[in-house]
1. Which order do the peptides 164-176, 144-156 come out in when sorted by mean C-beta neighbours inside 10 angstrom, highest first?
2. Please state the shape class of region 37-168: rounded when a/c is under 1.5, otherwise prolate if a/b exceeds b/c and oblate if not, all from the C-alpha gyration tensor.
3. Cα centroid distance between region 59-78 and region 118-177, in Å?
4. So if each residue of separation counts as 0.36 nm, and I subtract the Cα-Cα distance between residue 157 and residue 99, what length gain in nm does that give?
5. In nanometres, what is the gap between the two model label sites at residue 137 and residue 60, each 7 Å from Cα along Cα-to-Cβ?
6. For labels at residue 174 and residue 110 in the simple 7 Å Cα→Cβ model, what's the distance in nm?
7. Run through the DSSP bridge list for region 37-168 and note the antiparallel percent, rounded to the nearest 5.
C-alpha cells in the first residue's frame with residue numbers, strides 16, 4: 001500500500017486507524033497532568049511555578065471557611081496571580097438565596113478590590129464526591145478580568161480537570177460601548 005502524504009484525507013484516515021485504542025484529540029486535551037506547573041508570563045516576568053494539586057490544596061483551605069448553612073454545599077476557590085500570590089474565596093450564603101456569593105467571585109472581588117491583577121489560574125472545589133465547575137455567573141465575572149484564565153476543578157470522582165476559561169464560556173458577553181475605566 002502506498003504511504004499517504006501528510007495533510008491529506010487519506011493520511012488522516014490512516015492516522016486514525018493507526019491510533020485505535022488511543023485517546024482522541026479532544027479527550028487528550030481534557031486529560032490533566034497533576035504535576036503540570038501553572039505559570040504565566042506577563043509584564044516581562046515569570047511567576048513561581050505551582051502545580052494544580054498545590055493550587056487545589058489552597059482551594060480546600062478556602063472551602064473550610066465557607067458559610068453554607070442553607071445548602072450545606074461548601075465551596076472554596078484559590079486564585080493564582082502572576083507574582084505567585086493567592087487570593088482565597090469561599091461561598092457565603094444568605095437566607096435570601098439570590099444574595100449568595102460564590103467562592104470564585106469572592107476570590108476575584110477580593111483581588112480586584114485590593115488593586116491586584118495578572119490572574120493566571122483558579123482552582124475550585126466542593127466537598128468530596130461533588131464536582132464544582134464554576135457557574136455561568138462566575139464564568140462571566142472571571143472573564144471580565146481574566147479571559148485567558150486557566151480553570152481547575154475536581155470532578156465527582158476527585159480527578160482534577162483543567163480548561164481554559166474561553167472553552168467554558170465560548171461566547172462571553174462583552175460591553176461594546178464606553179470605556180472600561182478602572183480595568184487594568
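1. Per-residue mean Cβ counts within 10 Å order the peptides as 144-156, 164-176.
2. Prolate is the answer for region 37-168, as a/c is 1.5 or above and a/b outweighs b/c.
3. That distance is 17 Å.
4. Extending this stretch completely gives an extra 17.9 nm.
5. The two pseudo-label positions are separated by 2.8 nm.
6. For the pair residue 174/residue 110, the computed spacing is 3.1 nm.
7. Working: 20 of 25 bridges.
The answer is about 80 percent antiparallel.
All of the numbers you see were taken from the coordinates with simple rules; none came from a lab. Keep in mind that this is a model prediction, so the values were computed, not measured. Note: ideal-geometry Cβ built from the backbone for every residue, glycine included; neighbour counts use all protein chains shown.
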